[in-house]
Structure formats: C-alpha cells, structure tokens
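Throughout, read-outs are computed from the coordinates displayed, never taken from laboratory work. Since this is a predicted model, take the numbers as computed values, not measurements.
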Amino acid sequence: MMQDALTAPYDFCDGGGYRAIIKRALRNRGYASVTGGRIYAARIAEAVNAFYGGNFESVDSNEIYGVASNSRTVSVRKILQLACFLNLSLSDLLAPPSEDNTLAEIREMYQQGISMHHIAQLYGTDRKTIAHWVKP
C-alpha cells in the first residue's frame, strides 16, 4: 500500500479528501461523534497500537489528531497506518469523498415525527444532543 501511495498521482498535503473519508470511517466505528466534530484520539491510538502490536512504530493521540485535522501535517505512513486499521483501501482514500448529510438526515427524521429518543439510539448519542441539533 505504501509503494502504491508513493507512486499515486495524489497530493497527500492537500488532505481534504482523505481526511473526510477517515473521519467518516472513525465515526462509523464509534471513534468520533455522530457529526465527526469530536474525535476520541486517545481511544483510537490505543486501539491502533493494539491492532499493530510491536510490528510498527506506535502512534499517539497527537498523530491521530494530525491525520484527522485539516490544520496539521503528518506522514503518509501514519495516514496509511490508520487507514489499514479502519480497513480502508488506497482507492477508498483517494476517491472523492461523498457528501455527509448526517445532520440533515437527523433533522428530516425529526420533522417526520420520529422521536428524539429513537433518533438518539440510532445514532449512538443522547437525546439532549439530538434536541440541540433539531431545535432552532
């Protein structure tokens, strides 16, 4: 994967694409809040280090933030290490990210009459958070 990444016609310095894909994968696996605004970096670093054991240099929470944050530069190796942990392929990372409509979906469900309690259960969050998102 590293060889393919280094020869791919892709600029990893412009991380808007791969970061959105990684954030969505983190959210889908419970390592980020429903909207992806909060990333549980310490928990991710612990899981990544357990996943790789002593086979790779360990990662810390700052490096996890670096991969997922738009304002930090990280090595391609760290990006790929997290991608492999999340079971993402190089083509997954290099594909343009699809639009994330999570908040719009939640608001639409609420307008359709689905209870905040049920929506909270579906998205793995609490009712107060859903109330904050759906009420003006």
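A Stokes-Einstein calculation at 20 °C with viscosity 1.002 mPa s, built on the Kirkwood radius of the chain over Cα pairs, returns a diffusion coefficient of 133 µm²/s. Helix-only arithmetic for the chain: the sum of -39500 (n - 2.57) across DSSP H runs with n ≥ 4, divided by the residue total, places the mean residue ellipticity at 222 nm at -16500 deg cm²/dmol. Taking a straight Cα-Cα cut-off under 18 Å and skipping sequence neighbours fewer than 8 places away in the same chain, the lysines within cross-link reach of Lys78 are Lys23.
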